[in-house]
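Novice: Starting off with a structure, shown below.
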C-alpha cells in the first residue's frame, strides 16, 4: 500500500507541476505585449548605442572631442534618447505589428529618417557645427543595426509563436462556418501569434463540433465573461450575417475597460494593408480597396533593383557558377545548363536557365513517370525522382541550381522576386491563375518562402495571386531575407 500511495502522490505532484507550469506560460502570454515592448526597447537601445559608439570611433577615435563646449559622448547620449523617443512616436513597438509583414521595418526606417531630419533642423536653428561625418555614420549604422536587431528579434518571436508561446489570446465571434474558416486561416499563419482560446456563437442552441478546433464559451452576450474566463486580449469578429451593426456596437460597449483589442475581419480577403484605407462617411467606416498597381515609378525602381542585383550577384558568384558548371559536366553526361520554355509576363514565353540536375534524357522519360506524379494541379513532383543525379539532389537542396536565372533577370525576362515560372504551356492556366502573368516571374517568391514542399496547387496559386495583387518593394526585401534564411536552414 505504501508503494502505491507513493506512486499516487508522485503523480499528483507531477500533475500539480504541469498545471503550475501551464499557468505560468499563460501568465507570460497574457503579458506578451509589455514583454515584447520592453525587449524591443532594450534591443533598440543596445543597437543605437553600438551605432553611436561606432560613429564616434570612425569620426574621432576615442578622444573626448567637443562641439560648442559639449562632449560628443553627451551628444551621443541625447541622440540615443531622442531616437528611442521617435521610435515610440512612430508606434514602432506596437505588438500587433510584430512577427509578420513589413510595416514594422517601415516604421523603423521612417523613425531613423526623422531623427536625421530633426538633427539637421536643430543644428541649423541653433547654429551648431555638429560633425556631418559623425551624424552620417550614426544614422547609417543605426538604421542597419536597428533593422538587424528587429530581424533577429522577429526570428526568435516567430519561433516562440510556432511553439504556442507569446501569442495573443483570441476569442472569436460569429456563425459556426465563419468561425471554422477564421480558425483555419489563422492556422496557416502561426507567425502572426493569434491563438484561438474560445468562441462565442449567435444563439444558445448553436454548437461547435469536436473537429472544429475551438471551444464554445457561450453566446455573443457572454463575450465579456468569456474574455475574463479565457484571459483573452483580443476579440475577433468574423464576417457573419448574425453580426449586425447594432450587435457589434453592443459588443464593443461590453468590452470597455477590459483592455481588449476588438478586431473586425471584413469579408474582403487577400488584400494587403497598403491597398486598404478606411474613410468615415455619414458615421459609417467605409473600407476603400485600391486597385493593384502594375505600372508606375515603383515598377521602374523594381526593374532597376533587379538588374543591379543580378549584376552584383553574377560578379560575386562567378567562381561558384564556374565550379558548379564544371562539376555538372564532370559528373554526368550532358550540358551544364538546362534550358526550358517557361511562361513570363503577359504570357510571353522565354527560356529559363538552370544548372542541369537531371540526366540528359530527363525530358524524354517524362511520359513514363507521369503516373508517379505526387503533385496536384499544374505541379509535377516526384519525391524520389529517378532522373535526378546525385549532384543534382545537392544543388536542388541548396537551390544553387537556380543561380543561372540571374542571367534571365539581367535580360529582363525575370525578377528577383515574383511567382515562379512553371514548366507548362501558357494555355494551361485558367481563370484567376492567369493573373500570375501580370508580373515578371521570380527566382524566389512568396510561395517558395511559405513551405514550398508542402504547398498544394490551390495554396500556391493563392500565395502567388496575393503577391501579384499586393506587391511592394518592402515585401520583396522581406521575401529575399526569408529566402536567405531558408537556404541557411536547408529548407
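Novice: Before we move on, is residue 213 at positive phi and either surrounded by 16 or more Cβ atoms within 10 Å (Cβ to Cβ) or touching a strand residue (DSSP E or B) at 6+ places or on another chain (Cβ under 7 Å) (or both)?
Specialist: Criteria not met by residue 213.
Novice: Which residues, counting only those in the stretch 69-96, are surrounded by fewer than 17 Cβ atoms within 10 Å (Cβ to Cβ), under 23 Å from the mean Cα position of the chain (by Cα) and in a loop (DSSP other than H, G, I, E, B)?
Specialist: 91, 94
Novice: Which number in (1) in contact with a helix residue (DSSP H, G or I) (Cβ under 7 Å, 6 or more places away or on another chain); (2) closer than 30 Å to residue 261 by Cβ marks the one condition that residue 79 misses?
Specialist: Result: residue 79 passes all but (2).
Novice: Would you mind listing the helices (runs of 4 or more DSSP H) fully within the stretch 98-212 where at least 3 residues are under 29 Å from residue 243 (Cβ atoms) and over 20 Å from the mean Cα position of the chain (by Cα)?
Specialist: Here the list reads 176-187.
Novice: While we're here: Has the stretch 384-396 got any residue that is modelled with pLDDT of 75 or more, under 22 Å from residue 436 (Cβ atoms) and within 34 Å of the chain's Cα centre (by Cα)?
Specialist: No, the stretch 384-396 has no match at all.
Novice: Considering 276, 289, 281, which residue is exposed (fewer than 10 other Cβ atoms within 10 Å of the Cβ), at pLDDT below 80 and farther than 23 Å from residue 176 by Cβ?
Specialist: Being exposed (fewer than 10 other Cβ atoms within 10 Å of the Cβ), at pLDDT below 80 and farther than 23 Å from residue 176 by Cβ holds for just one of 276, 289, 281, which is 281.
Novice: Taking residue 370 as the residue in question, decide whether it is modelled with pLDDT under 85 and surrounded by 13 or more Cβ atoms within 10 Å (Cβ to Cβ).
Specialist: Working: modelled with pLDDT under 85: yes; surrounded by 13 or more Cβ atoms within 10 Å (Cβ to Cβ): no.
No; evaluated as a whole, the condition is false for this residue.
The values are calculated or read from the model by the stated rules, or taken from the named source; none is laboratory data. Because the structure is a prediction, the values reported are computed rather than measured. Please note: Cβ atoms are built from the backbone with ideal geometry, for glycine as well, and neighbour counts cover all protein chains shown.
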